[in-house]
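Take a look at the structure set out below.
The values are calculated or read from the model by the stated rules, or taken from the named source; none is laboratory data. Since the model is a prediction, treat every value here as computed from it, not as a measurement. All Cβ positions, glycine included, derive from the backbone under ideal geometry; neighbour counts span all protein chains shown.
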Ligand code: HEM
């Protein structure tokens, strides 16, 4: 645990799990802005999750899978053999944007979203509040345009998850546009930001560990579990925030009510007391304690979508190449806090 004027950061697995599973004392209402469902506490949170979780059922993911597979093939197919390509900007970003627009029915705005993503990353890195606010507002406008278009089209609106959201009820009431935009913003934040970052981490791991790449080519086995273990080793989803509602004790420290608490998933996922050497790749053994998708009531609802997209991308990359490795003629660049994973992963595909 570390204290700073901004609050308390939890690094150990046990502490992060305790706080994430005690939503009564560790509230998610950390911001003045309402974020659906991220900033909600019980009982409101449960009502919204009951409305949102059905968008990620196995049936829906199965129906979406061939479309994501085609997108992954379209992106990876034209990449040149033997030349250097960047896994983050040439695979991760376009895959995240195209999978997302296809899923939500937002075809046609891919370039706008790619430009927004680049500005969002730059704004986040700059930690300039006015820039991050402007980029968030710009995104709300993009989302609102999709919502308005469907409202205008009425019964002629396309049958996609965005249109479906307009008919969702919580406690018997249709949702106001502000909640619909908030839900879509949090879905797209997960889909665009986390998927793009996760693709970079998976590509790096496979390129840097040729034995694992070889064995997955020979026998993909449980590719989803392998990918989750790669993300545990280098979790690109760094932190979530909470605020204490009452005095709470954690790891021998007393936290006063109103203390800001940061759950550091990346650190918890590398806790030596549970995982031994955190860099050792043991998917089955480590699965039980893997916190890549969180734990507790706010556990990631998008996990089935993320898993499907990442598995399909890895399958395409392994299936469409004989091997790939880290390129040595371009720099490998880490992302910087508060973003995780890699900014650039130069690869050579063969
Ligand atoms: C590799 C990709 C992803 C990772 C690593 C990831 C990770 C996480 C984690 C750790 C949390 C818990 C946050 C907390 O406890 O405060 C979370 C929550 C959430 N994720 Fe994901 N996520 C990913 C992809 C997605 C996708 C694809 C979506 C939706 C399309 C999504 C939507 C959400 C939402 C809405 C929440 C908030 C849930 C709630 O508050 O109840 N995520 N995610």
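For region 97-115, how many residues meet the condition of being away from the ligand (no atom under 16 Å from the Cβ) and under 19 Å from the mean Cα position of the chain (by Cα)?
3
For region 74-116, the set of residues classified as surrounded by fewer than 15 Cβ atoms within 10 Å (Cβ to Cβ) and more than 21 Å from residue 187 (Cβ to Cβ) consists of 74, 77, 78, 80, 81, 82, 83, listed by residue number. Look at residue 72 and say whether it is under 30 Å from residue 252 (Cα atoms), assigned to a helix (DSSP H, G or I), modelled with pLDDT of 95 or more and touching a helix residue (DSSP H, G or I) at 6+ places or on another chain (Cβ under 9 Å). Against the criterion (under 30 Å from residue 252 (Cα atoms), assigned to a helix (DSSP H, G or I), modelled with pLDDT of 95 or more and touching a helix residue (DSSP H, G or I) at 6+ places or on another chain (Cβ under 9 Å)), residue 72 does not qualify. If the condition is being assigned to a loop (DSSP other than H, G, I, E, B), buried (at least 19 other Cβ atoms within 10 Å of the Cβ) and either more than 13 Å from the ligand (Cβ to nearest atom) or over 21 Å from the mean Cα position of the chain (by Cα) (or both), then region 26-39 contributes no residue at all. Pairs are defined by a Cβ separation below 9 Å, a sequence spacing of at least 6 or placement on different chains, a first member in region 15-30 that is under 10 Å from residue 241 (Cβ atoms), and a second member that is part of a helix (DSSP H, G or I) and within 10 Å of the ligand (Cβ to nearest atom); the pairs so defined are 26/19; 26/20; 28/45. On the basis of being away from the ligand (no atom under 16 Å from the Cβ), under 21 Å from residue 14 (Cα atoms) and more than 18 Å from the chain's Cα centre (by Cα), does residue 272 make the cut? For residue 272, the condition - away from the ligand (no atom under 16 Å from the Cβ), under 21 Å from residue 14 (Cα atoms) and more than 18 Å from the chain's Cα centre (by Cα) - is met.
What residue, of 220, 278, is modelled with pLDDT under 95, outside any helix (DSSP H, G or I) and surrounded by fewer than 21 Cβ atoms within 10 Å (Cβ to Cβ)?
Result: 220 is the single residue among 220, 278 that is modelled with pLDDT under 95, outside any helix (DSSP H, G or I) and surrounded by fewer than 21 Cβ atoms within 10 Å (Cβ to Cβ).
Counting only residues that are farther than 17 Å from residue 233 by Cβ and crowded, with 20+ Cβ neighbours inside 10 Å, region 328-345 holds 0 of them. For region 159-166, the criterion of being away from the ligand (no atom under 16 Å from the Cβ), assigned to a helix (DSSP H, G or I) and under 29 Å from residue 75 (Cα atoms) is satisfied by at least one residue.
Here's the yes/no breakdown for (1) under 16 Å from the mean Cα position of the chain (by Cα); (2) farther than 23 Å from residue 162 by Cβ; (3) within 11 Å of the ligand (Cβ to nearest atom):
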site	(1), (2), (3)
46	no, yes, yes
72	no, no, no
76	no, yes, no
84	no, yes, no
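The condition of being within 13 Å of the ligand (Cβ to nearest atom) and in contact with a strand residue (DSSP E or B) (Cβ under 9 Å, 6 or more places away or on another chain) holds for only one of 297, 243, 227, that being 243. Looking across 67, 131, 60, one residue alone is within 14 Å of the ligand (Cβ to nearest atom) and part of a helix (DSSP H, G or I). It is 60.
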